[in-house]
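One structure below.
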Amino acid sequence: MRIPLFIAILFVLSVPFPSSAHFFPNISSIPPNLLKPNATAWDAFNKLLGCHSGQTVDGLAKIKKYFHYFGYINNSSSNFTDDFDDTLESALKTYQLNFNLNTTGVLDASTIQHLIKPRCGNADVVNGTSTMNSGKPPAGSPTMHTVAHYSFFPGRPRWPANKRDLTYAFAPQNGLTDDIKIVFTHAFDRWSEVTPLTFTEIASYQSADIKIGFFSGDHNDGEPFDGPMGTLAHAFSPPAGHFHLDGEENWVIDGAPIVDGNFFSILSAVDLESVAVHEIGHLLGLGHSSVEDAIMYPTLGAGTRRVELRNDDILGVQELYGSNPNYTGPNPNLTPSQESDTNGAPKFGLSWVHGFLLVVGLFFAAFIEI
């Protein structure tokens, strides 16, 4: 049967186009012309250092836009002023509380240093409610888990009980080598070690539960990639299973430290496994944590490689799925919460998509421009 041309065109336009990604075995293998020095993002904030309520300083409007992007300012207007008003002070205090900073309401040095760290791109505050520290009930509250800091998406979406062996596949157009695929295998293994979930690679991209691909620019999910050192990756909450990475990044397969420091000190090099482990947490239903060494902590400081699950990550994912019978760590006998499983079409362009944003340098310049 022939398919009408306009239907075929619509189908093609609805399918993301994988890109040819840039992979390097290690930092030393990246051509020098692709490496950029670590940007001194701190310099752009010099005139904002110490800003407080009541002041008017050029650049504060960009700070407001940044907080609006991550949910701290619930305002549909994009016409932000340079006034340090009550709205900005409230947003700043919530941000400081979420990230375990002193809640001074002032743009002090420690806060600015934190603002320029690489971070995950989904909002910390959803519909006016923080999913991190400041959104938690007091310890001992009937609605509070005894361990404080992991979080879930609204409605606690998770994979249904009959889906414990999840399949994943890679976009065939990417032509990924075994060396690259094994990085994702290792990332999945970190989560299967502590849950009853297993992850099996299959050949069929269309039928896989989790679809992994490297894409460039607008790839029809409402969250276009923006080239090197902008949005690194994003993933959807369960059971959508979409996991997209920016093919224009310089992805490093072996993130072992070199010489005096880690490759993260080079602005344009990205550790593939660190991003993969974090985004798989989102694919399983985890939100962000306020525990600084947890995989699900929103920022990834310069000079770090974060791939090991911490207790907070483990407790969070086990609350959704229970424990792997062979796991001998904390609370091995947890069972999943008695919540309904959710159905799951991806909600493209909404808060269900989660991206890993590198805020240092180029990304933050788009907000600040000072």
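The values are calculated or read from the model by the stated rules, or taken from the named source; none is laboratory data. In this text the structure is predicted, and so the values were computed from the model without any measurement. Quick reminder, even Gly has a Cβ in these numbers, built from the backbone with ideal geometry, and neighbours come from all protein chains shown.
Here is a list of conditions, (1) within 24 Å of the chain's Cα centre (by Cα); (2) in a helix (DSSP H, G or I), and Leu101 meets all of them except one; can you say which number that is?
If we test Leu101 against (1) within 24 Å of the chain's Cα centre (by Cα); (2) in a helix (DSSP H, G or I), just (2) comes out false.
Name the residues in segment 56-89 that are in a helix (DSSP H, G or I) and charged (D, E, K, R), would you?
Lys62, Lys64, Lys65, Asp86, Glu89
Only residues that are at pLDDT 75 or above and in contact with a Pro (Cβ under 9 Å, 6 or more places away or on another chain): list them for segment 242-269, please.
Residues satisfying the conditions are His242, His244, Asp246, Gly247, Glu248, Glu249, Asn250, Val252, Ile253, Asp254.
Residues in segment 116-127: is at least one under 17 Å from Gly285 (Cα atoms), at pLDDT 95 or above and in contact with a Pro (Cβ under 9 Å, 6 or more places away or on another chain)?
Checked segment 116-127: no residue is under 17 Å from Gly285 (Cα atoms), at pLDDT 95 or above and in contact with a Pro (Cβ under 9 Å, 6 or more places away or on another chain).
Please go through segment 202-241 and give me each residue that is at pLDDT 80 or above and touching a His at 6+ places or on another chain (Cβ under 7 Å), ordered by number.
Lys211, Gly213, Phe215, Ala233, His234, Ala235, Phe236, Ser237
Within segment 148-158, is there a residue that is buried (at least 16 other Cβ atoms within 10 Å of the Cβ) and modelled with pLDDT of 95 or more?
yes
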